[in-house]
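The structure under discussion appears below in the form of structure tokens.
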Amino acid sequence: MSADEEPNDLLNPLIGALRRGHYLLYCQRIEPLTVNAGAAERPYQEVLIRFLEEETRLLPPGMFFPILQEQGLMPLLDCWVVSQVLKLAQAGTLGKAGWVAPRNSINLSEDSVLDPEFGDFVVAQLAKWNPSAGTLDFEILELVALSQTEALLELISALAPRGCNFGIGSFKGGADQMNLLKEVPISFVKIDGSLIRKILVSRADLQRVADINERCHALGIVTVAELVEDTETLRLLTDMGVDYAQGFQISQPTPYLATDAPDA
């Protein structure tokens, strides 16, 4: 948004884009660091979303998510992302011999976790597109998982038996958060980037990341380091045994095209 552009100026275009499906999917590769992570497995990526304003300017989610959230529209956007990812997965599988659908980590809003119709929508989309198990991962922010645990458990119980994985993002490893890992059946944890960025200069943060990694592994939970931005940090995480890394050192976000699929 420009300095003279009010949030309400974007509301109608954002709603119109929802109706027409005129958002853009991007993705960022998540790189396996250990043998246990399965270097030979299917590609793994986080799904990102952008809004194309006036055909020339891509707006990041921080500029339009608050507007959609205020209007109660985040579940509609999350539903659109799910349907598009599954559509691309089927189109790629049918259109390219030997093509393997990636594992897609989709960030869920708090509103979607709380919306009982969201789980029903995903179930219907899975029936429609029939993806391979593990095509959809759902990432929930640590604060949302803590405050909406009951709703999250209900969503997991509806979707995990249908091949969806769940994880907690921006994980900082406090006592409450570690207890949550024992209560909620999740598959992965994304270690908060604010910790990852400081492991080269802070012994305390290095030890905290190591502790999170060790305790997650003891529970059978895969670890992903967020915001990995240099080779030395990547080396430390690899030596520590963190399973995956994500960040600019691994790859820049790119349009979700094409490892992806032909037009469908």
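Things worth noting here:
- Pairs linking a residue in the stretch 122-150 that is farther than 21 Å from LYS190 by Cα to a residue that is hydroxyl-bearing (Ser, Thr, Tyr) and part of a helix (DSSP H, G or I), with Cβ atoms under 6 Å and 6 or more positions apart or on different chains, are GLN125/SER83.
- ILE212 falls short of the stated requirement of being within 25 Å of PRO131 (Cβ to Cβ) and either surrounded by fewer than 14 Cβ atoms within 10 Å (Cβ to Cβ) or not acidic (Asp, Glu) (or both).
- Condition check for LEU227: at pLDDT 95 or above and out of contact with any Leu (no Cβ under 6 Å at 6 or more places or on another chain): yes
- Close pairs from the stretch 171-198: first within 19 Å of LEU155 (Cβ to Cβ), partner of a type in the set (Lys, Arg), Cβ under 7 Å, at least 6 apart: PHE171/LYS190
- Taking the stretch 82-116 as the range and being buried (at least 18 other Cβ atoms within 10 Å of the Cβ) and more than 20 Å from the chain's Cα centre (by Cα) as the test, the residues that pass are ALA91, GLY92, THR93.
So that you can scan it fast, the table gives a plain yes or no per residue for (1) over 30 Å from GLU214 (Cβ atoms); (2) aromatic (Phe, Trp, Tyr):
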position	(1), (2)
PHE64	yes, yes
PRO75	yes, no
LEU86	yes, no
ALA91	yes, no
SER105	no, no
LEU108	no, no
LEU126	yes, no
GLU150	no, no
ALA160	no, no
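- For the stretch 215-234, the tally of residues that are outside any loop (DSSP other than H, G, I, E, B), surrounded by fewer than 17 Cβ atoms within 10 Å (Cβ to Cβ) and among the hydrophobic types (A, V, I, L, M, F, W, C) stands at 1.
- Any hit, the stretch 105-116, residues being in a helix (DSSP H, G or I), within 22 Å of SER147 (Cα to Cα), charged (D, E, K, R) and at pLDDT 90 or above: yes
The values are calculated or read from the model by the stated rules, or taken from the named source; none is laboratory data. Since this is a predicted model, take the numbers as computed values, not measurements. So basically every Cβ, Gly included, is an ideal-geometry build from the backbone, and we count neighbours across all protein chains shown.
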